[in-house]
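The values are calculated or read from the model by the stated rules, or taken from the named source; none is laboratory data. Just so you know, these numbers come straight off a predicted model, no measurement behind them. Methodologically, a virtual Cβ is constructed for each residue, glycine included, from the backbone with ideal geometry; neighbour enumeration extends over all protein chains shown.
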Amino acid sequence: MDWIALYPTWYDPAMGSGYWIALIATIHVVFSHASVGAAIFFAWLINKAYREDRPELLTFVKRYGLFLLIFSYVMGSITGPGIWYSTTVGSPKGISALIHSFVWKWATEWVFFVIEVVGVYMLIYLVGKVDKRTHTLVAFIFAGASYATMMLILGILSFMMWPGSPEWFAKGGTFYSFFGPNTFAQLLIRTGFAMAITAVVGSIVASAFKDAELKREVLRKLAAFGLLGSVIMFVFYFWYLHTIPENAVEVFRNRMPGWFYPAVVTSYGLMVIYFLTTLFNTRILNPVLASIMLVVVTFMGLFPTEITRESMRKPYVAGQYVYSNQIIARDVPGMDIHAELPKVAEKGILKVHPFLPENYRTITDENRLEVGRQIAIIMCSNCHQVTRTEGIRPLTDYLGGVTDVARIKRYLQGTVVAGNIMYMPRIPLKPAELDALAAYLADLNAHAH
Ligand code: HEC
(Lines give C-alpha, C1' and ligand atoms only; values in the text may rest on other atoms or scores of the structure.)
Protein backbone atom coordinates (compact mmCIF):
# COMPACT_ATOMS: atom_id res chain seq x y z
CA MET A 1 0.00 0.00 0.00
CA ASP A 2 1.08 3.52 -0.70
CA TRP A 3 -0.76 5.11 2.18
CA ILE A 4 0.68 7.87 4.26
CA ALA A 5 -0.25 8.40 7.89
CA LEU A 6 -3.37 10.58 7.71
CA TYR A 7 -6.49 10.52 9.86
CA PRO A 8 -10.04 11.54 9.02
CA THR A 9 -10.27 15.33 8.92
CA TRP A 10 -12.32 17.06 11.59
CA TYR A 11 -14.17 19.73 9.70
CA ASP A 12 -16.46 22.14 11.46
CA PRO A 13 -17.98 24.37 8.78
CA ALA A 14 -19.10 26.99 11.29
CA MET A 15 -15.96 27.78 13.23
CA GLY A 16 -13.12 25.64 11.91
CA SER A 17 -11.10 23.25 14.06
CA GLY A 18 -8.33 25.80 14.63
CA TYR A 19 -10.65 28.24 16.34
CA TRP A 20 -12.08 25.55 18.59
CA ILE A 21 -8.59 24.72 19.75
CA ALA A 22 -7.81 28.41 20.19
CA LEU A 23 -10.95 28.96 22.26
CA ILE A 24 -10.28 26.08 24.65
CA ALA A 25 -6.59 26.95 24.87
CA THR A 26 -7.27 30.62 25.65
CA ILE A 27 -9.47 29.69 28.60
CA HIS A 28 -6.81 27.26 29.77
CA VAL A 29 -4.06 29.83 29.46
CA VAL A 30 -5.92 32.29 31.70
CA PHE A 31 -6.52 29.74 34.44
CA SER A 32 -3.11 28.15 34.33
CA HIS A 33 -1.28 31.49 34.32
CA ALA A 34 -3.47 32.78 37.13
CA SER A 35 -2.35 29.85 39.25
CA VAL A 36 1.37 30.18 38.45
CA GLY A 37 1.31 33.91 39.19
CA ALA A 38 -0.63 33.35 42.40
CA ALA A 39 1.87 30.74 43.55
CA ILE A 40 4.70 33.26 43.24
CA PHE A 41 2.66 36.00 44.91
CA PHE A 42 1.70 33.66 47.78
CA ALA A 43 5.28 32.65 48.45
CA TRP A 44 6.25 36.30 48.72
CA LEU A 45 3.23 37.30 50.80
CA ILE A 46 3.42 34.37 53.23
CA ASN A 47 7.09 34.99 53.79
CA LYS A 48 6.34 38.64 54.49
CA ALA A 49 3.40 37.86 56.78
CA TYR A 50 5.53 35.65 59.03
CA ARG A 51 8.62 37.83 59.02
CA GLU A 52 6.73 40.96 59.94
CA ASP A 53 4.30 39.07 62.13
CA ARG A 54 1.22 40.21 60.26
CA PRO A 55 -1.17 37.26 60.24
CA GLU A 56 -3.93 39.36 58.65
CA LEU A 57 -2.11 39.06 55.32
CA LEU A 58 -2.80 35.34 55.49
CA THR A 59 -6.52 36.13 55.20
CA PHE A 60 -5.86 36.97 51.59
CA VAL A 61 -3.99 33.71 51.04
CA LYS A 62 -6.94 31.80 52.45
CA ARG A 63 -9.66 33.65 50.55
CA TYR A 64 -7.86 33.92 47.26
CA GLY A 65 -6.53 30.37 47.58
CA LEU A 66 -10.04 29.00 47.86
CA PHE A 67 -11.19 31.09 44.94
CA LEU A 68 -8.19 29.82 43.01
CA LEU A 69 -8.96 26.21 43.79
CA ILE A 70 -12.37 26.54 42.22
CA PHE A 71 -11.59 29.07 39.56
CA SER A 72 -8.19 27.91 38.36
CA TYR A 73 -7.80 24.30 39.29
CA VAL A 74 -11.22 22.99 38.35
CA MET A 75 -11.44 24.99 35.13
CA GLY A 76 -7.78 24.39 34.34
CA SER A 77 -8.22 20.66 34.81
CA ILE A 78 -11.22 20.60 32.50
CA THR A 79 -9.71 22.70 29.74
CA GLY A 80 -6.31 20.97 29.93
CA PRO A 81 -7.68 17.62 28.74
CA GLY A 82 -9.92 19.70 26.45
CA ILE A 83 -6.78 20.83 24.63
CA TRP A 84 -5.68 17.21 24.31
CA TYR A 85 -9.02 16.14 22.87
CA SER A 86 -9.37 19.02 20.45
CA THR A 87 -5.80 18.94 19.19
CA THR A 88 -5.88 15.17 18.85
CA VAL A 89 -8.77 15.35 16.42
CA GLY A 90 -7.89 18.76 14.95
CA SER A 91 -4.22 18.11 14.37
CA PRO A 92 -3.34 14.47 15.08
CA LYS A 93 0.01 14.63 13.32
CA GLY A 94 0.97 17.80 15.14
CA ILE A 95 0.23 16.28 18.52
CA SER A 96 1.98 13.08 17.49
CA ALA A 97 5.10 15.09 16.63
CA LEU A 98 5.07 16.59 20.12
CA ILE A 99 4.52 13.26 21.86
CA HIS A 100 7.34 11.63 19.95
CA SER A 101 9.76 14.29 21.03
CA PHE A 102 8.49 15.08 24.51
CA VAL A 103 6.74 12.19 26.17
CA TRP A 104 9.07 12.24 29.21
CA LYS A 105 8.87 15.99 29.53
CA TRP A 106 5.11 15.66 29.74
CA ALA A 107 5.41 12.91 32.31
CA THR A 108 7.71 15.14 34.37
CA GLU A 109 5.26 17.98 34.05
CA TRP A 110 2.55 15.74 35.49
CA VAL A 111 4.68 15.00 38.52
CA PHE A 112 5.06 18.72 39.18
CA PHE A 113 1.37 19.24 38.55
CA VAL A 114 0.48 16.68 41.22
CA ILE A 115 2.83 18.44 43.67
CA GLU A 116 1.14 21.70 42.73
CA VAL A 117 -2.37 20.42 43.40
CA VAL A 118 -1.43 18.85 46.73
CA GLY A 119 0.50 22.04 47.52
CA VAL A 120 -2.41 24.40 46.97
CA TYR A 121 -4.64 22.37 49.30
CA MET A 122 -1.94 22.28 51.96
CA LEU A 123 -1.29 25.97 51.64
CA ILE A 124 -4.91 26.94 52.20
CA TYR A 125 -5.93 24.44 54.82
CA LEU A 126 -2.78 24.63 56.90
CA VAL A 127 -3.03 28.37 57.57
CA GLY A 128 -2.68 28.67 61.34
CA LYS A 129 -2.42 24.89 61.81
CA VAL A 130 1.33 24.38 61.32
CA ASP A 131 4.36 26.37 62.37
CA LYS A 132 5.62 29.30 60.31
CA ARG A 133 8.62 27.49 58.88
CA THR A 134 6.63 24.55 57.58
CA HIS A 135 3.98 26.77 56.05
CA THR A 136 6.59 28.96 54.36
CA LEU A 137 8.31 25.86 53.04
CA VAL A 138 5.03 24.58 51.56
CA ALA A 139 4.53 27.98 49.91
CA PHE A 140 7.95 27.86 48.28
CA ILE A 141 7.53 24.27 47.11
CA PHE A 142 4.14 25.17 45.66
CA ALA A 143 5.65 28.16 43.82
CA GLY A 144 8.59 26.10 42.51
CA ALA A 145 6.34 23.28 41.28
CA SER A 146 3.96 25.74 39.59
CA TYR A 147 6.77 27.47 37.79
CA ALA A 148 8.27 24.12 36.76
CA THR A 149 5.02 23.06 35.08
CA MET A 150 4.99 26.26 33.09
CA MET A 151 8.62 25.91 32.10
CA LEU A 152 8.21 22.33 30.92
CA ILE A 153 5.11 23.03 28.89
CA LEU A 154 6.77 26.04 27.34
CA GLY A 155 9.71 24.08 26.02
CA ILE A 156 7.17 21.90 24.25
CA LEU A 157 5.06 24.82 23.04
CA SER A 158 7.96 26.71 21.63
CA PHE A 159 9.01 23.63 19.69
CA MET A 160 5.76 24.03 17.79
CA MET A 161 7.13 27.30 16.53
CA TRP A 162 10.68 26.18 16.02
CA PRO A 163 12.92 23.41 17.43
CA GLY A 164 15.19 24.80 20.16
CA SER A 165 18.18 24.80 17.85
CA PRO A 166 18.66 23.98 14.16
CA GLU A 167 20.95 21.01 14.96
CA TRP A 168 17.84 19.14 16.00
CA PHE A 169 16.94 18.32 12.40
CA ALA A 170 20.18 16.40 11.98
CA LYS A 171 20.75 15.13 15.49
CA GLY A 172 17.36 14.89 17.23
CA GLY A 173 17.14 14.60 21.00
CA THR A 174 15.88 16.64 23.92
CA PHE A 175 18.80 18.95 24.24
CA TYR A 176 18.31 20.39 20.77
CA SER A 177 14.53 20.27 20.62
CA PHE A 178 13.76 21.77 24.00
CA PHE A 179 16.23 24.51 24.76
CA GLY A 180 16.62 27.60 22.67
CA PRO A 181 16.43 31.37 23.01
CA ASN A 182 12.84 31.26 21.81
CA THR A 183 11.89 29.02 24.75
CA PHE A 184 13.33 31.43 27.29
CA ALA A 185 11.89 34.52 25.67
CA GLN A 186 8.44 32.92 25.80
CA LEU A 187 8.98 31.85 29.38
CA LEU A 188 9.69 35.42 30.41
CA ILE A 189 6.71 36.85 28.52
CA ARG A 190 4.47 34.29 30.16
CA THR A 191 5.94 34.98 33.57
CA GLY A 192 4.93 38.61 33.06
CA PHE A 193 1.48 37.60 31.89
CA ALA A 194 1.04 35.27 34.89
CA MET A 195 1.85 38.19 37.19
CA ALA A 196 -0.54 40.57 35.42
CA ILE A 197 -3.43 38.12 35.37
CA THR A 198 -2.85 37.24 39.03
CA ALA A 199 -3.07 40.92 39.91
CA VAL A 200 -6.41 41.21 38.17
CA VAL A 201 -7.94 37.98 39.50
CA GLY A 202 -6.58 38.72 42.98
CA SER A 203 -8.21 42.12 42.97
CA ILE A 204 -11.63 40.54 42.35
CA VAL A 205 -11.20 38.83 45.71
CA ALA A 206 -9.41 41.60 47.58
CA SER A 207 -11.77 44.40 46.50
CA ALA A 208 -14.55 42.57 48.37
CA PHE A 209 -12.68 42.74 51.70
CA LYS A 210 -14.56 44.49 54.50
CA ASP A 211 -11.47 45.70 56.35
CA ALA A 212 -10.63 48.93 54.47
CA GLU A 213 -7.00 49.06 55.52
CA LEU A 214 -6.26 45.47 54.56
CA LYS A 215 -8.14 45.90 51.30
CA ARG A 216 -6.08 48.95 50.37
CA GLU A 217 -2.80 47.28 51.19
CA VAL A 218 -3.46 44.03 49.33
CA LEU A 219 -4.82 45.85 46.29
CA ARG A 220 -1.72 48.04 46.13
CA LYS A 221 0.58 45.06 46.37
CA LEU A 222 -1.35 43.35 43.59
CA ALA A 223 -1.22 46.45 41.40
CA ALA A 224 2.55 46.68 41.83
CA PHE A 225 2.87 42.99 41.02
CA GLY A 226 0.75 43.43 37.88
CA LEU A 227 2.65 46.52 36.84
CA LEU A 228 5.94 44.68 37.06
CA GLY A 229 4.40 41.82 35.06
CA SER A 230 3.22 44.15 32.28
CA VAL A 231 6.64 45.75 31.98
CA ILE A 232 8.29 42.32 31.79
CA MET A 233 5.88 41.31 29.03
CA PHE A 234 6.49 44.44 27.05
CA VAL A 235 10.28 44.25 27.21
CA PHE A 236 10.53 40.56 26.40
CA TYR A 237 8.03 40.64 23.58
CA PHE A 238 10.60 42.59 21.61
CA TRP A 239 13.37 40.21 22.58
CA TYR A 240 11.09 37.34 21.56
CA LEU A 241 10.79 38.81 18.06
CA HIS A 242 14.58 38.60 17.81
CA THR A 243 14.66 34.91 18.68
CA ILE A 244 12.53 33.95 15.71
CA PRO A 245 14.14 32.45 12.61
CA GLU A 246 14.44 34.76 9.64
CA ASN A 247 11.91 33.07 7.38
CA ALA A 248 9.26 33.32 10.10
CA VAL A 249 9.95 37.02 10.55
CA GLU A 250 9.54 37.41 6.80
CA VAL A 251 6.14 35.70 6.93
CA PHE A 252 5.19 37.87 9.86
CA ARG A 253 6.17 41.10 8.08
CA ASN A 254 4.23 40.21 5.00
CA ARG A 255 1.10 39.00 6.66
CA MET A 256 0.55 41.47 9.46
CA PRO A 257 -1.61 44.49 8.76
CA GLY A 258 -0.13 47.93 9.40
CA TRP A 259 -2.14 48.43 12.58
CA PHE A 260 -0.65 45.42 14.31
CA TYR A 261 2.42 47.03 15.90
CA PRO A 262 0.59 50.10 17.16
CA ALA A 263 -2.07 47.74 18.56
CA VAL A 264 0.56 45.74 20.46
CA VAL A 265 2.09 48.86 21.98
CA THR A 266 -1.38 50.23 22.85
CA SER A 267 -2.39 46.96 24.54
CA TYR A 268 0.66 46.92 26.76
CA GLY A 269 0.34 50.65 27.38
CA LEU A 270 -3.26 50.27 28.56
CA MET A 271 -2.28 47.51 30.93
CA VAL A 272 0.40 49.69 32.46
CA ILE A 273 -2.05 52.59 32.81
CA TYR A 274 -4.60 50.34 34.49
CA PHE A 275 -2.13 49.05 37.06
CA LEU A 276 -0.72 52.52 37.71
CA THR A 277 -4.22 53.85 38.30
CA THR A 278 -5.14 51.09 40.72
CA LEU A 279 -1.79 51.44 42.47
CA PHE A 280 -2.56 55.03 43.42
CA ASN A 281 -6.30 54.82 43.70
CA THR A 282 -7.49 51.51 45.07
CA ARG A 283 -10.93 52.91 45.88
CA ILE A 284 -12.12 52.76 42.30
CA LEU A 285 -11.83 48.97 42.34
CA ASN A 286 -14.78 46.74 43.09
CA PRO A 287 -15.39 43.08 42.20
CA VAL A 288 -17.44 43.98 39.11
CA LEU A 289 -14.85 46.33 37.63
CA ALA A 290 -12.10 43.84 38.47
CA SER A 291 -14.01 41.08 36.68
CA ILE A 292 -14.43 43.24 33.59
CA MET A 293 -10.72 44.00 33.69
CA LEU A 294 -10.01 40.28 33.78
CA VAL A 295 -11.59 39.90 30.36
CA VAL A 296 -9.84 43.00 29.03
CA VAL A 297 -6.39 42.11 30.35
CA THR A 298 -6.77 38.53 29.11
CA PHE A 299 -7.41 39.84 25.65
CA MET A 300 -4.70 42.52 25.71
CA GLY A 301 -2.12 40.27 27.26
CA LEU A 302 -2.68 37.28 25.04
CA PHE A 303 -3.42 38.88 21.74
CA PRO A 304 0.06 40.09 20.72
CA THR A 305 2.00 36.90 21.45
CA GLU A 306 -0.62 34.43 20.37
CA ILE A 307 -1.35 36.10 17.04
CA THR A 308 2.35 36.49 16.43
CA ARG A 309 3.03 32.85 17.19
CA GLU A 310 0.14 31.52 15.14
CA SER A 311 0.95 33.64 12.12
CA MET A 312 4.66 33.04 12.11
CA ARG A 313 4.63 29.31 12.28
CA LYS A 314 2.46 28.92 9.18
CA PRO A 315 2.44 26.81 7.11
CA TYR A 316 3.69 24.44 9.79
CA VAL A 317 1.87 23.27 12.87
CA ALA A 318 4.88 21.77 14.64
CA GLY A 319 8.66 21.75 14.50
CA GLN A 320 8.81 23.31 11.03
CA TYR A 321 8.19 19.93 9.43
CA VAL A 322 4.50 19.03 9.93
CA TYR A 323 2.23 21.12 7.72
CA SER A 324 -1.03 22.38 9.22
CA ASN A 325 -2.86 20.06 6.85
CA GLN A 326 -1.04 17.16 8.53
CA ILE A 327 1.36 16.23 5.75
CA ILE A 328 5.02 15.86 6.68
CA ALA A 329 6.84 18.30 4.48
CA ARG A 330 10.51 17.51 5.04
CA ASP A 331 12.91 14.84 6.22
CA VAL A 332 14.11 14.97 9.80
CA PRO A 333 17.08 12.60 9.81
CA GLY A 334 17.70 13.09 13.53
CA MET A 335 14.32 11.53 14.30
CA ASP A 336 14.24 9.14 11.35
CA ILE A 337 11.22 10.97 9.95
CA HIS A 338 10.65 10.92 6.20
CA ALA A 339 8.85 13.55 4.16
CA GLU A 340 5.47 12.49 2.81
CA LEU A 341 5.17 15.34 0.37
CA PRO A 342 7.07 13.57 -2.46
CA LYS A 343 4.71 10.62 -2.24
CA VAL A 344 1.66 12.88 -2.38
CA ALA A 345 3.18 14.60 -5.41
CA GLU A 346 3.91 11.32 -7.13
CA LYS A 347 0.70 9.36 -6.46
CA GLY A 348 -1.85 12.07 -5.66
CA ILE A 349 -3.66 12.63 -2.38
CA LEU A 350 -6.64 10.50 -3.49
CA LYS A 351 -4.40 7.46 -3.74
CA VAL A 352 -2.43 7.86 -0.51
CA HIS A 353 -5.14 8.90 1.97
CA PRO A 354 -6.12 5.83 4.01
CA PHE A 355 -9.55 7.13 5.07
CA LEU A 356 -11.08 8.00 1.72
CA PRO A 357 -14.06 6.00 0.42
CA GLU A 358 -12.96 3.76 -2.48
CA ASN A 359 -15.34 5.38 -4.96
CA TYR A 360 -13.56 8.73 -4.48
CA ARG A 361 -10.14 7.46 -5.47
CA THR A 362 -10.80 7.83 -9.16
CA ILE A 363 -12.41 10.99 -10.50
CA THR A 364 -15.35 10.65 -12.87
CA ASP A 365 -17.82 13.15 -14.30
CA GLU A 366 -20.34 12.03 -11.69
CA ASN A 367 -18.21 12.39 -8.58
CA ARG A 368 -16.02 15.34 -9.65
CA LEU A 369 -17.67 17.99 -7.49
CA GLU A 370 -17.90 15.75 -4.44
CA VAL A 371 -14.27 14.69 -4.75
CA GLY A 372 -13.27 18.33 -5.21
CA ARG A 373 -15.04 19.12 -1.97
CA GLN A 374 -13.21 16.29 -0.20
CA ILE A 375 -9.86 17.53 -1.48
CA ALA A 376 -10.67 21.01 -0.22
CA ILE A 377 -11.59 19.63 3.21
CA ILE A 378 -8.52 17.42 3.48
CA MET A 379 -5.93 19.83 2.09
CA CYS A 380 -7.22 23.32 2.83
CA SER A 381 -9.84 23.32 5.61
CA ASN A 382 -7.27 23.49 8.37
CA CYS A 383 -6.75 27.14 7.46
CA HIS A 384 -9.65 28.10 5.19
CA GLN A 385 -13.42 27.96 5.21
CA VAL A 386 -14.03 25.69 2.22
CA THR A 387 -17.74 24.94 2.01
CA ARG A 388 -19.18 28.41 2.36
CA THR A 389 -18.30 31.80 0.99
CA GLU A 390 -18.14 33.51 4.37
CA GLY A 391 -16.24 32.67 7.56
CA ILE A 392 -12.54 32.29 8.21
CA ARG A 393 -10.40 33.00 5.12
CA PRO A 394 -12.98 31.50 2.74
CA LEU A 395 -11.27 30.06 -0.31
CA THR A 396 -13.76 31.81 -2.56
CA ASP A 397 -12.44 35.18 -1.32
CA TYR A 398 -9.33 34.72 -3.43
CA LEU A 399 -11.27 33.85 -6.54
CA GLY A 400 -13.23 37.07 -6.98
CA GLY A 401 -16.48 35.32 -7.91
CA VAL A 402 -14.89 33.63 -10.95
CA THR A 403 -16.82 30.61 -12.21
CA ASP A 404 -14.51 29.76 -15.12
CA VAL A 405 -12.89 26.44 -14.12
CA ALA A 406 -9.89 26.90 -16.41
CA ARG A 407 -9.07 30.28 -14.88
CA ILE A 408 -9.31 28.97 -11.34
CA LYS A 409 -7.06 26.08 -12.31
CA ARG A 410 -4.42 28.38 -13.76
CA TYR A 411 -4.46 30.53 -10.64
CA LEU A 412 -4.21 27.63 -8.20
CA GLN A 413 -1.53 25.97 -10.33
CA GLY A 414 0.64 29.07 -10.14
CA THR A 415 0.17 29.61 -6.42
CA VAL A 416 -0.83 26.63 -4.30
CA VAL A 417 0.40 23.75 -6.46
CA ALA A 418 3.66 25.48 -7.39
CA GLY A 419 4.21 26.27 -3.71
CA ASN A 420 4.99 29.92 -4.30
CA ILE A 421 3.34 31.32 -1.22
CA MET A 422 5.44 31.33 1.89
CA TYR A 423 2.64 31.21 4.47
CA MET A 424 0.87 28.35 2.73
CA PRO A 425 1.96 24.74 2.34
CA ARG A 426 2.96 23.46 -1.06
CA ILE A 427 0.03 21.33 -2.17
CA PRO A 428 1.09 19.15 -5.09
CA LEU A 429 -2.22 18.16 -6.66
CA LYS A 430 -2.31 15.88 -9.70
CA PRO A 431 -3.92 17.52 -12.78
CA ALA A 432 -7.19 15.59 -12.35
CA GLU A 433 -7.31 16.51 -8.65
CA LEU A 434 -6.71 20.17 -9.40
CA ASP A 435 -9.45 19.90 -11.98
CA ALA A 436 -11.90 18.54 -9.41
CA LEU A 437 -10.95 21.18 -6.82
CA ALA A 438 -11.32 23.99 -9.36
CA ALA A 439 -14.68 22.61 -10.55
CA TYR A 440 -15.90 22.47 -6.98
CA LEU A 441 -14.73 26.03 -6.20
CA ALA A 442 -16.31 27.34 -9.40
CA ASP A 443 -19.54 25.65 -8.38
CA LEU A 444 -19.32 27.20 -4.92
CA ASN A 445 -18.86 30.62 -6.50
CA ALA A 446 -21.75 30.03 -8.88
CA HIS A 447 -24.06 29.27 -5.98
CA ALA A 448 -22.82 32.10 -3.75
CA HIS A 449 -25.37 34.69 -2.79
C1 HEC B 1 -1.30 26.20 6.64
C2 HEC B 1 -2.54 26.81 6.39
C3 HEC B 1 -3.06 26.83 4.97
C4 HEC B 1 -3.47 25.77 4.21
C5 HEC B 1 -3.46 24.30 4.58
C6 HEC B 1 -3.94 26.33 2.96
N7 HEC B 1 -3.82 27.70 2.98
FE8 HEC B 1 -4.33 28.97 1.53
N9 HEC B 1 -3.64 30.53 2.64
C10 HEC B 1 -3.23 30.44 3.95
C11 HEC B 1 -2.97 31.76 4.45
C12 HEC B 1 -2.52 32.09 5.86
C13 HEC B 1 -3.24 32.66 3.39
C14 HEC B 1 -3.14 34.17 3.40
C15 HEC B 1 -4.48 34.69 3.78
C16 HEC B 1 -4.54 36.18 3.80
O17 HEC B 1 -3.52 36.84 4.00
O18 HEC B 1 -5.67 36.66 3.62
C19 HEC B 1 -3.66 31.84 2.26
C20 HEC B 1 -3.97 32.36 1.01
C21 HEC B 1 -4.46 31.60 -0.03
C22 HEC B 1 -4.72 32.10 -1.36
C23 HEC B 1 -4.45 33.52 -1.82
C24 HEC B 1 -3.03 33.56 -2.29
C25 HEC B 1 -2.39 34.89 -2.24
O26 HEC B 1 -2.01 35.37 -3.31
O27 HEC B 1 -2.20 35.42 -1.13
C28 HEC B 1 -5.21 31.05 -2.11
C29 HEC B 1 -5.62 31.05 -3.56
C30 HEC B 1 -5.26 29.90 -1.24
N31 HEC B 1 -4.80 30.27 0.01
C32 HEC B 1 -5.72 28.66 -1.61
C33 HEC B 1 -5.57 27.51 -0.86
C34 HEC B 1 -5.99 26.20 -1.28
C35 HEC B 1 -6.69 25.90 -2.59
C36 HEC B 1 -5.63 25.33 -0.31
C37 HEC B 1 -5.81 23.83 -0.30
C38 HEC B 1 -5.51 23.13 -1.51
C39 HEC B 1 -4.99 26.11 0.76
N40 HEC B 1 -4.98 27.42 0.39
C41 HEC B 1 -4.48 25.57 1.92
C42 HEC B 1 -3.05 29.31 4.67
C43 HEC B 1 -3.29 28.04 4.22
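Tell me, which helices (runs of 4 or more DSSP H) wholly within the stretch 335-446 include 2 or more residues that are of a type in the set (D, E, K, R), touching a residue at least 60 places away in the same chain (Cβ under 8 Å) and more than 10 Å from the ligand (Cβ to nearest atom)?
Values: elements: 341-347, 349-352, 368-380, 405-412, 431-446.
Ranges flagged: 341-347, 368-380, 431-446.
Are any of the residues in the stretch 260-268 modelled with pLDDT under 90, within 16 Å of the ligand (Cβ to nearest atom) and not β-branched (Val, Ile, Thr)? Steps first, answer last, please.
Step one: list which residues in the stretch 260-268 are modelled with pLDDT under 90, which gives 260-268.
With within 16 Å of the ligand (Cβ to nearest atom) added as a condition, the list becomes 260.
This time we only want the ones that are not β-branched (Val, Ile, Thr), so: 260.
Taking every residue of the stretch 260-268 in turn, at least one turns out to be modelled with pLDDT under 90, within 16 Å of the ligand (Cβ to nearest atom) and not β-branched (Val, Ile, Thr).
Can you work out which of the residues in the stretch 63-87 that are surrounded by fewer than 16 Cβ atoms within 10 Å (Cβ to Cβ) and among the β-branched types (Val, Ile, Thr) is modelled with the lowest pLDDT?
Of everything passing the filter in the stretch 63-87, Ile70 is modelled with the lowest pLDDT.
Of the numbered conditions (1) assigned by TED's automatic domain parsing to the domain that holds Ala438; (2) out of contact with any helix residue (DSSP H, G or I) (no Cβ under 8 Å at 6 or more places or on another chain), Val371 fails exactly one; give the number of that condition.
Of the numbered conditions (1) assigned by TED's automatic domain parsing to the domain that holds Ala438; (2) out of contact with any helix residue (DSSP H, G or I) (no Cβ under 8 Å at 6 or more places or on another chain), the odd one out for Val371 is (2).
Restricting the search to the stretch 320-378, which residues are at positive phi and not acidic (Asp, Glu)?
If we filter the stretch 320-378 for residues that are at positive phi, which is where we start, we get 320, 326, 336, 348.
Correct list: Gln320, Gln326, Gly348.
In the stretch 99-122, is there at least one residue being without any contact (Cβ under 8 Å) to a residue 40 or more places away in the chain and under 18 Å from the mean Cα position of the chain (by Cα)?
yes
As an exercise: evaluate Ile124 against (1) surrounded by fewer than 21 Cβ atoms within 10 Å (Cβ to Cβ); (2) not in a helix (DSSP H, G or I) and give the number of the one condition it does not meet.
(2)
When you check Ala318 against the structure, is it in contact (Cβ under 8 Å) with a residue 40 or more places away in the chain, more than 16 Å from the ligand (Cβ to nearest atom) and assigned by TED's automatic domain parsing to the domain that holds Thr87, yes or no? Outline the logic, then answer.
Values: in contact (Cβ under 8 Å) with a residue 40 or more places away in the chain: yes; more than 16 Å from the ligand (Cβ to nearest atom): no; assigned by TED's automatic domain parsing to the domain that holds Thr87: yes.
Considered against the rule, which asks whether it is in contact (Cβ under 8 Å) with a residue 40 or more places away in the chain, more than 16 Å from the ligand (Cβ to nearest atom) and assigned by TED's automatic domain parsing to the domain that holds Thr87, Ala318 comes out as no.
Considering only the stretch 246-256, I want to know if a residue exists there that is free of Cβ contacts under 8 Å to residues at least 40 places away in the same chain and among the β-branched types (Val, Ile, Thr). It would help to see each step written out before you state the result.
The first filter runs over the stretch 246-256 and keeps only residues free of Cβ contacts under 8 Å to residues at least 40 places away in the same chain, leaving 246, 253.
Next, only the ones that are among the β-branched types (Val, Ile, Thr) stay: none.
The answer is no, given that none of the residues of the stretch 246-256 is free of Cβ contacts under 8 Å to residues at least 40 places away in the same chain and among the β-branched types (Val, Ile, Thr).
Looking at the stretch 288-309, is at least one residue assigned by TED's automatic domain parsing to the domain that holds Gly192 and in a loop (DSSP other than H, G, I, E, B)?
Kept after step one, since they are assigned by TED's automatic domain parsing to the domain that holds Gly192, are these residues of the stretch 288-309: 288-309.
From what's left, in a loop (DSSP other than H, G, I, E, B): none.
No: the stretch 288-309 contains no residue that is assigned by TED's automatic domain parsing to the domain that holds Gly192 and in a loop (DSSP other than H, G, I, E, B).
Please verify whether the stretch 157-178 includes one or more residues that are under 19 Å from Gly229 (Cα atoms), in the same structural domain as Arg283 (by TED's automatic domain parsing) and more than 18 Å from the chain's Cα centre (by Cα). Can you show your working first?
Taking the stretch 157-178 and keeping what is under 19 Å from Gly229 (Cα atoms), we get none.
No, the stretch 157-178 contains no residue that is under 19 Å from Gly229 (Cα atoms), in the same structural domain as Arg283 (by TED's automatic domain parsing) and more than 18 Å from the chain's Cα centre (by Cα).
Filter the stretch 318-334 down to residues that are within 15 Å of Tyr423 (Cα to Cα) and assigned to a strand (DSSP E or B), then give me how many there are.
Counting residues in the stretch 318-334 that are within 15 Å of Tyr423 (Cα to Cα) and assigned to a strand (DSSP E or B) gives 3.
Which of the following residues is out of contact with any strand residue (DSSP E or B) (no Cβ under 8 Å at 6 or more places or on another chain), of a type outside the set (Gly, Ala, Ser) and surrounded by 14 or more Cβ atoms within 10 Å (Cβ to Cβ): Ile284, Ile292, Ile244?
Numbers: Ile284 fails: surrounded by 14 or more Cβ atoms within 10 Å (Cβ to Cβ); Ile292 fails: surrounded by 14 or more Cβ atoms within 10 Å (Cβ to Cβ).
Within the list Ile284, Ile292, Ile244, the selection yields Ile244.
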